[in-house]
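Colleague: Below is one structure. I have some questions about it.
The values are calculated or read from the model by the stated rules, or taken from the named source; none is laboratory data. As the structure is a computational prediction, the values presented were derived from the model and not from experiment. Here Cβ is always computed from backbone atoms with ideal geometry, including for glycine, and neighbour counts include all displayed protein chains.
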Amino acid sequence: MAKELTIAVIGHVDHGKSSLLAAMSSSFSKIGLTTMVPYEQIDLAASGNSGPGLKLNRAELKIAGKNRDYRLLDFPSHQDFIKSLVTSDSIDGILLVVSAADGTMPQTREHLQLAKEVGAASLVFVLNKADMVSAHLQDMVEAEVRGLLKEKGFPADKCPAVRGSALLARNCGCGQKDCPKCSFLFAVLEALDSIIEDPASESDKPLFFRIDESSEAPFGLTLAKGSILKGCVKKDDRARIILGGQVKEIAVKALETEGTQAEKACAVSQASLYIEGVKAGEMEGGAFITALTGNKPVKAFRALVYIFRKEESGRDTPFRSGLKADFSFWGTRTVGTFELPPDREMVMPGDSAIVSVKLASKFFAEDGFAFSISEGGKNIGIGKIVEVME
Ligand SMILES: Nc1nc2c(ncn2[C@@H]2O[C@H](COP(=O)(O)OP(=O)(O)OP(=O)(O)O)[C@@H](O)[C@H]2O)c(=O)[nH]1
Ligand SMILES: [Mg+2]
Ligand SMILES: [Zn+2]
């Protein structure tokens, strides 16, 4: 099976993101490279981080590249973009669309900032609406975009730029590589092939096992059933179990996958581990098993959060620095206090923000961990850690 990379299509309102996807869809479908999944309601309940009534809108275009597949995500609104950043496993690359007739705009800046925060570094940009302006003006806008990329910490000189008109390509839709209107779509695909690196395979990372269920097992062992989200686990491995902020060393005495004994199991799969060093009763409220080395329990982190609107059963008032809330990571819960950045007085329902969270006690967390936020038992938002702090 070809590798699949997730690419977020970003850019200011009306710069032509959806037109570009529509053009790619009609051209590439003629030559068997794509199938379009139109805007659909994706219920976040399936991702385990949902608040009641939270819906995510986005369109997905799957394109077969040279050696791997791309899943291009297009969002109808800024909020959908944020929610998707928070809930998607990872964004492997960015396709930035800038209208050559307008240049960079506030949302271009904001999207780039957020993409950078969640760790997406590989970027291709399309100077769209090239039919509307002269080549000279296009040069100026390209220079402006590179300046902004540099300012935001992207490798600006290495980001490929492709010029074209999504509108003309969409209207043609012939799927011919030598068509003057459609050829730039192929250039976009080649740019993605050339720049975006293959993501590290989940099984090459340190072990991260989420325990869903635990029980007593024979010989004084504890049976932990769950999912290997990252890395691999072998019989006789030593590992750590994380019970909230507590860390204990354990040994994996045996393991099973699909009901049969195994020597080794890797992400992403279900497994049952027979472990020594912890009792089933100690695992109430969720637990993880992780590799021995790697991250330590942390006292604080920075995160991208999305705060539900009232209609999403969220808060009906804004909050400021100092708000205490419960943060829950796959069923493990901890208390933390919000600290807003200096330029941010408050966060309104429906807003997103990069915030700091100070924890009441040390807690195991890693960059990229997703969480839900609740206050007095009520879900008020979702978030993703962008940086852990000791
Ligand atoms: N002349 C010209 N118009 C274009 C081009 N691409 C898109 N448009 C027009 O620009 C408008 C906005 O295009 P969309 O594709 O909806 O832009 P978008 O970035 O998806 O916009 P939002 O989803 O609202 O953020 C539409 O009227 C398009 O027909 C282009 O290359 N040339
Ligand atoms: Mg659109
Ligand atoms: Zn064409």
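Colleague: Can you name every residue in the stretch 29-49 that is at pLDDT below 50, more than 13 Å from ligand 1 (Cβ to nearest atom) and not in a helix (DSSP H, G or I)?
Modeller: Answer for the stretch 29-49, where residues must be at pLDDT below 50, more than 13 Å from ligand 1 (Cβ to nearest atom) and not in a helix (DSSP H, G or I): Glu40, Gln41, Ile42, Asp43, Gly48, Asn49.
Colleague: Determine, yes or no, whether Lys55 is at pLDDT 85 or above and of a type in the set (Lys, Arg). Spell out the reasoning first.
Modeller: On the way: at pLDDT 85 or above: no; of a type in the set (Lys, Arg): yes.
Judged against the criteria, Lys55 is not a match.
Colleague: State which residue is farthest from ligand 2 (Cβ to nearest atom) when the search covers only the stretch 8-32 and only residues that are among the charged types (D, E, K, R) and either surrounded by fewer than 24 Cβ atoms within 10 Å (Cβ to Cβ) or more than 16 Å from Ser84 (Cβ to Cβ) (or both). Give the steps one after another, and end with the answer.
Modeller: To start, the set of residues in the stretch 8-32 that are among the charged types (D, E, K, R) comprises 14, 17, 30.
Then keep just the ones that are either surrounded by fewer than 24 Cβ atoms within 10 Å (Cβ to Cβ) or more than 16 Å from Ser84 (Cβ to Cβ) (or both); that gives 14, 30.
Working: Asp14: 8, Lys30: 22 Å.
Looking at residues that are among the charged types (D, E, K, R) and either surrounded by fewer than 24 Cβ atoms within 10 Å (Cβ to Cβ) or more than 16 Å from Ser84 (Cβ to Cβ) (or both), I get Lys30.
Colleague: Next question. Taking Gly173 as the residue in question, decide whether it is more than 16 Å from ligand 2 (Cβ to nearest atom) and closer than 30 Å to Ala23 by Cβ.
Modeller: Spelling it out, Gly173 is indeed more than 16 Å from ligand 2 (Cβ to nearest atom) and closer than 30 Å to Ala23 by Cβ.
Colleague: Restricting the first residue to the stretch 5-28 and requiring it to be at negative phi and within 8 Å of ligand 1 (Cβ to nearest atom), which pairs with a second residue that is of a type in the set (A, V, I, L, M, F, W, C) and not in a strand (DSSP E or B) meet a Cβ separation below 6 Å and a spacing of at least six or different chains?
Modeller: Between residues of the stretch 5-28 that are at negative phi and within 8 Å of ligand 1 (Cβ to nearest atom) and residues that are of a type in the set (A, V, I, L, M, F, W, C) and not in a strand (DSSP E or B), the close pairs are His12/Met105; Ser19/Ala166; Ser19/Leu167; Leu20/Ala166.
Colleague: Yes or no: Leu189 touching a residue at least 12 places away in the same chain (Cβ under 8 Å), closer than 30 Å to Ile228 by Cβ and not polar (S, T, N, Q)?
Modeller: Answer is no for this residue.
Colleague: Restricting attention to the stretch 155-182, and to residues there that are outside any loop (DSSP other than H, G, I, E, B) and without any contact (Cβ under 8 Å) to a residue 12 or more places away in the chain, which single residue is nearest to Lys116 (Cα to Cα)?
Modeller: Ala156
Colleague: Would you pick out the residues in the stretch 73-132 that are surrounded by fewer than 22 Cβ atoms within 10 Å (Cβ to Cβ), away from ligand 2 (no atom under 14 Å from the Cβ) and more than 18 Å from the chain's Cα centre (by Cα)?
Modeller: Selection gives Ala101, Asp102, Gly103, Thr104, Met105, Pro106, Arg109, Asp131, Met132.
Colleague: Can you find even one residue in the stretch 137-153 that is touching a strand residue (DSSP E or B) at 6+ places or on another chain (Cβ under 9 Å) and part of a loop (DSSP other than H, G, I, E, B)?
Modeller: no
Colleague: Could I ask something else about it? Write out, first by first residue and then by second, each pair whose Cβ atoms fall under 7 Å of each other, whose residues are 6+ apart or on separate chains, and whose first residue, in the stretch 125-145, is at positive phi while the second is surrounded by 15 or more Cβ atoms within 10 Å (Cβ to Cβ).
Modeller: Lys129/Gly16; Lys129/Ser99; Lys129/Ala100; Lys129/Ala101; Lys129/Ser165
Colleague: Are there any strands (runs of 3 or more DSSP E) wholly within the stretch 328-390 with 2 or more residues that are within 19 Å of Ser90 (Cα to Cα), and if so which?
Modeller: Answer list for the stretch 328-390: 352-364, 370-375, 378-389.
Colleague: Go over the candidates Arg302, Arg315, Arg238, Arg309 one by one and state the one that is on the phi < 0 side of the Ramachandran plot and surrounded by fewer than 16 Cβ atoms within 10 Å (Cβ to Cβ).
Modeller: Working: Arg302 fails: surrounded by fewer than 16 Cβ atoms within 10 Å (Cβ to Cβ); Arg315 fails: surrounded by fewer than 16 Cβ atoms within 10 Å (Cβ to Cβ); Arg309 fails: surrounded by fewer than 16 Cβ atoms within 10 Å (Cβ to Cβ).
Just one listed residue meets the conditions, Arg238.
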